[in-house]
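All remarks here apply to the structure that follows.
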Amino acid sequence: MPEIQRRKTVTVRIGQVRVGSDVPVVVQSMTNTDTADVQGTIQQVAALAAAGSELVRVTVNNDAAAKAVPYIVEGLAKLGIHVPIIGDFHYNGHQLLKKYPDCARALAKYRINPGNVSIGRKNDDNFRTMIECAIENDKPVRIGVNWGSLDQALLTRMMDENSKLPEPLDARDVMMEAMCRSALDSAAAAISQQLGVDTNLWGGIFLVEPGAQTGIHHHGEQETIVYVLEGSSFVRWGERGEHEATVHAGDFLHVPAWLPHQEINPSKTEAFRWIVVRSTSMPIVVNLPDTYWQSTTAAPSIES
C-alpha cells in the first residue's frame with residue numbers, strides 16, 4: 001500500500017488531544033442526542049469514547065443545551081472519561097457563549113460556520129464575539145464550512161464575478177472555491193485588527209495567480225510572518241535581489257521590515273496562496289521600480 005503524504009499543517013491542542021500533521025490522525029464523532037438531556041448525552045459520549053472516538057462534538061443550539069454542557073463534562077469526569085467536548089454552534093453561538101460563561105469554559109473547542117454568523121454581512125459583531133470568547137478562555141476554533149450553510153453573500157459575489165469571465169467556470173466549481181475562500185477569509189478575519197481583536201496585528205490572505213508575479217516591493221516598518229497554504233512560489237529578496245528560494249505549502253516565512261522582495265508563481269495551473277500576518281494594524285506596501293534590481297533570475301519550473 002503506498003504511503004499517504006499528509007499536507008503540512010499547524011498542530012493544535014484540543015484539551016489533552018493534539019491535532020495536526022505532526023501527530024497521527026485522530027477520530028472525532030458527534031452525538032445525536034438532545035444536548036439538554038445531560039444523562040443521555042453522557043451515556044452516548046461514553047459509548048463513543050469506548051468505541052475509540054478521541055474527540056466528541058455536541059450541538060449547542062439553545063439555552064438548555066448551553067446550560068447542560070458543564071454538567072455533561074463534569075459527569076464524564078466522574079466516570080473517568082476526559083474526552084474533549086467540542087461545541088457546534090449555529091446562529092446564536094455569540095449569545096450563548098456570553099450568556100453562559102461556564103459553557104464557554106467547559107468546552108474544549110468551538111466550531112463556527114461562517115454562513116451561520118455575520119461574516120460578510122453588515123458587520124462582524126457575532127463572529128467577533130465568538131473569537132473574543134475563544135481568546136478569553138484560551139480555546140481553539142474550527143472554521144467549518146459545508147454546502148448547507150455556505151456564506152451566501154460570498155457565493156453570490158463569486159457567481160457574479162464568474163459570469164463576467166470570457167469562459168465561466170461550472171457553478172459547482174465556483175461553489176467549491178467559495179467554500180475554501182469562506183474558511184480562509186474567516187480564519188484571516190479572526191486575527192485581523194479590523195475585526196476588533198485587541199492586537200496591533202493585521203492579517204489577510206495573499207494570492208498570486210498561476211504564471212503571475214508581484215512587483216518588487218517592501219512593507220516599510222512592518223515585520224511579516226507568512227504561512228503557505230497552497231502552491232509554490234519562487235521568492236527573491238535583498239538590496240540587489242541576490243537571495244532566492246522556493247517555498248511550498250506548509251512553510252513559514254519571515255519578511256523583515258524594509259526588505260525588498262518579489263514573489264513569482266512559476267506554475268501554469270496552480271495558484272499560490274498564503275496567510276499573511278503583519279506587525280501593524282494597517283497593511284503597508286511600497287512598490288519599487290522594475291529596474292530596482294538590475295539583474296534577473298529565471299524562476300524554476302514546477303511540475304503541474
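The values are calculated or read from the model by the stated rules, or taken from the named source; none is laboratory data. Because the structure is a prediction, the values reported are computed rather than measured. Here Cβ is always computed from backbone atoms with ideal geometry, including for glycine, and neighbour counts include all displayed protein chains.
Output yes when any residue across segment 268-281 is of a type in the set (D, E) and modelled with pLDDT of 90 or more, and no when none is. Lay out the reasoning, then the answer.
Here is the first cut: in segment 268-281, the residues of a type in the set (D, E) are 270.
Those still in the list that are modelled with pLDDT of 90 or more too: none.
No, every residue in segment 268-281 fails to be of a type in the set (D, E) and modelled with pLDDT of 90 or more.
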*Neighbours by Cβ (under 8 Å, 6+ apart or cross-chain): first from segment 221-241, over 14 Å from V276 (Cβ atoms); second assigned to a strand (DSSP E or B) and among the aliphatic types (A, V, I, L, M)*: G231/V208; S232/V247; F234/A245; F234/I264; R236/I264; W237/V255
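Quick grid of which residues meet (1) of a type in the set (D, E); (2) part of a loop (DSSP other than H, G, I, E, B); (3) not assigned by TED's automatic domain parsing to the domain that holds V56:
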position	(1), (2), (3)
V73	no, no, no
I81	no, yes, no
L96	no, no, no
D102	yes, no, no
R105	no, no, no
R111	no, no, no
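Within segment 138-147, identify whether any single residue is among the β-branched types (V, I, T), in contact with a strand residue (DSSP E or B) (Cβ under 8 Å, 6 or more places away or on another chain) and either outside the structural domain of L96 (by TED's automatic domain parsing) or at pLDDT 85 or above (or both), and answer yes or no. Before you say what the answer is, go through the steps one by one.
The initial filter retains those residues of segment 138-147 that are among the β-branched types (V, I, T), namely 141, 143, 145.
Filter once more, keeping what is in contact with a strand residue (DSSP E or B) (Cβ under 8 Å, 6 or more places away or on another chain): 141, 143.
Add one more test, that the residue is either outside the structural domain of L96 (by TED's automatic domain parsing) or at pLDDT 85 or above (or both), and what stays is 141.
The answer is yes, given that some residue of segment 138-147 is among the β-branched types (V, I, T), in contact with a strand residue (DSSP E or B) (Cβ under 8 Å, 6 or more places away or on another chain) and either outside the structural domain of L96 (by TED's automatic domain parsing) or at pLDDT 85 or above (or both).
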*In segment 173-228, which residues are touching a helix residue (DSSP H, G or I) at 6+ places or on another chain (Cβ under 9 Å), of a type in the set (D, E) and at pLDDT 75 or above?*
D173, E177
_Quick check on segment 116-127. Is at least one of its residues surrounded by 21 or more Cβ atoms within 10 Å (Cβ to Cβ) and at pLDDT 85 or above?_
no
